[in-house]
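All remarks here apply to the structure that follows.
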Amino acid sequence: HAADAQRTDLMTITRFVLNEQSKYSESRGDFTILLSHIVLGCKFVCSAVNKAGLAKLIGLAGETNVQGEEQKKLDVLSNEVFIKALVSSGRTCILVSEEDEEPTYVEPSRRGRYSVVFDPLDGSSNIDCGVSIGTIFGIYQLNDSHEPNLEDVLQPGKNMVAAGYCLYGSSCTLVLSTGTGVNGFTLDPSLGEFILTHPDLKIPKKGKIYSVNEGNAKNWDGPTAKYVEKCKFPTDGSSPKSLRYVGSMVADVHRTLLYGGIFLYPGDKKSPNGKLRVLYEVFPMAFLIEEAGGQAFTGKIRALDLVPKKIHERSPIFLGSYDDVEEIKALYAAAE
Ligand code: AHM
Ligand code: MG
């Protein structure tokens with residue numbers, strides 16, 4: 001009986017990825033091991049985020065607790081946990097983190113064939129007030145065993161072999177794609193396991209929500225301004241869209257994936273490349289949205305076709321439901 005099977009036959013994320021990887025004959029379990037270290041990082045951050053108010057983990061780096069010990073800020077702590085977990089997996093060679101100016105090159109004795117780019121704790125403005133935040137990651141694979149260098153990570157997003165995010169919200173949800181669709185897993189805190197709860201996620205073809213920081217409107221370019229105006233005052237007889245904006249990319253993209261609609265962080269007169277980082281914010285989210293049937297566009301090209309020149313480079317981004325992104329693409333095409 002199907003309902004019973006769901007309750008007693010638990011599909012954990014490790015079991016799911018092992019099944020998925022066994023389809024590839026050359027798979028040596030390395031990816032599954034790498035992923036289990038990322039999952040460990042997510043569980044740690046989830047627990048730290050949940051305790052943040054209590055444990056006074058939040059606050060300025062360098063603050064001391066009642067015992068007089070130095071407290072690390074949550075994002076600094078999360079970064080250290082991810083770096084250590086990834087290095088100790090023995091499956092990585094280069095790590096790029098939003099928190100670190102320079103990439104981390106793994107020492108030869110602990111080196112593997114994957115590179116991981118990540119933002120350990122995204123949504124910094126929401127950390128101190130208990131609003132949802134998240135971790136974002138993307139994974140590249142080196143195909144031969146040369147000495148790792150920056151060129152190995154300065155690659156277009158379409159070359160990623162996997163991408164995902166973990167949302168620390170009302171529950172802890174990990175969304176993952178290894179290039180064959182998108183699946184969502186929810187942490188069962190009593191088991192300490194991520195269980196498959198959102199199999200084969202597909203984004204609605206069109207949505208009723210737009211998500212943008214409208215406080216930047218005075219500096220927007222023509223197509224972005226026109227698009228948002230159309231969301232509020234549609235001219236084709238459709239109803240206006242609702243505005244939802246958390247200010248945490250993971251939360252805003254997760255909602256967009258589940259409910260449909262569009263998320264945009266455009267470039268503007270003050271910041272021509274917008275705010276979000278290509279490698280570990282734009283690429284992983286664009287990868288997931290495309291795998292779920294949506295689109296991700298930079299204002300000029302398909303986001304996954306971008307070739308970053310620097311590891312912390314930024315790009316404007318428009319992503320979400322296929323039809324909604326189609327509209328913004330048309331506006332940019334018309335403005336050329
Ligand atoms: P952060 O890396 O400092 O946390 O900034 C990234 C965040 C994203 O999560 C979010 O989409 C965006 O910044 C919100 O920016 P703004 O406050 O300008 O609207
Ligand atoms: Mg960030």
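The values are calculated or read from the model by the stated rules, or taken from the named source; none is laboratory data. Just so it is clear, the model here is predicted, and its values are computed rather than measured. Here Cβ is always computed from backbone atoms with ideal geometry, including for glycine, and neighbour counts include all displayed protein chains.
For the stretch 295-302, the condition holds for at least one residue, the condition being that it is of a type in the set (D, E, K, R), more than 16 Å from the chain's Cα centre (by Cα) and in a strand (DSSP E or B).
Close contacts from the stretch 194-221, counting a first residue that is over 18 Å from GLY294 (Cα atoms) and free of Cβ contacts under 8 Å to residues at least 12 places away in the same chain and a second that is surrounded by 15 or more Cβ atoms within 10 Å (Cβ to Cβ) and not aliphatic (A, V, I, L, M), with Cβ to Cβ under 9 Å and a gap of 6+ residues or different chains, come to ALA217/THR224; ALA217/ASP268; LYS218/ASP268.
Residues in the stretch 203-242 that are farther than 20 Å from LYS329 by Cβ and either modelled with pLDDT under 95 or in contact with a Ser or Thr (Cβ under 7 Å, 6 or more places away or on another chain) (or both): GLY237 only. Beta carbons closer than 9 Å, at least 6 apart along the sequence or on distinct chains, pair a first residue in the stretch 239-252 that is closer than 13 Å to GLU214 by Cβ and in a loop (DSSP other than H, G, I, E, B) with a second that is more than 8 Å from ligand 1 (Cβ to nearest atom) and basic (Lys, Arg) for LYS241/LYS208; LYS241/LYS230; LYS241/LYS232; ARG244/ARG255. Selection of the stretch 130-152 for residues being modelled with pLDDT of 95 or more and of a type in the set (Val, Ile, Thr) yields ILE133, THR135, ILE136, ILE139. With the condition kept exactly as written, say whether any residue in the stretch 137-159 is over 21 Å from LEU257 (Cα atoms), hydroxyl-bearing (Ser, Thr, Tyr) and touching an Asp or Glu at 6+ places or on another chain (Cβ under 8 Å). Within the stretch 137-159, one or more residues are over 21 Å from LEU257 (Cα atoms), hydroxyl-bearing (Ser, Thr, Tyr) and touching an Asp or Glu at 6+ places or on another chain (Cβ under 8 Å). Evaluate the stretch 250-261: report whether one residue or more is within 16 Å of ligand 2 (Cβ to nearest atom), touching a Lys or Arg at 6+ places or on another chain (Cβ under 9 Å) and within 23 Å of ASP323 (Cβ to Cβ). Checked the stretch 250-261: at least one residue is within 16 Å of ligand 2 (Cβ to nearest atom), touching a Lys or Arg at 6+ places or on another chain (Cβ under 9 Å) and within 23 Å of ASP323 (Cβ to Cβ). Scanning the stretch 185-197 for residues that are farther than 11 Å from THR12 by Cα and surrounded by 15 or more Cβ atoms within 10 Å (Cβ to Cβ) yields a count of 0.
Sub-6 Å Cβ pairs linking a first residue in the stretch 266-280 that is in contact (Cβ under 8 Å) with a residue 40 or more places away in the chain to a second residue that is outside any loop (DSSP other than H, G, I, E, B) and more than 14 Å from ligand 2 (Cβ to nearest atom), at least 6 apart or interchain, are PRO266/THR224; ASP268/ASN216; ASP268/ASN219; ASP268/TRP220; LYS269/ASN219; LYS270/ASN219, ordered by first then second residue. Would you tally the residues in the stretch 98-145 being of a type in the set (Gly, Ala, Ser), assigned to a loop (DSSP other than H, G, I, E, B) and within 14 Å of ligand 2 (Cβ to nearest atom)? So the answer is 2.
If you go through the stretch 263-286 and keep only what is under 10 Å from ILE317 (Cα atoms), in a strand (DSSP E or B) and away from ligand 2 (no atom under 15 Å from the Cβ), you end up with just LEU264.
Of all residues in the stretch 69-110, those satisfying the criterion of being basic (Lys, Arg) and either modelled with pLDDT of 95 or more or in contact with a strand residue (DSSP E or B) (Cβ under 7 Å, 6 or more places away or on another chain) (or both) are LYS84, ARG91, ARG110.
The C-beta contact set for the stretch 146-163 (first residue part of a loop (DSSP other than H, G, I, E, B), second residue of a type in the set (Lys, Arg), distance under 7 angstrom, 6+ apart or interchain) comprises LEU154/LYS309.
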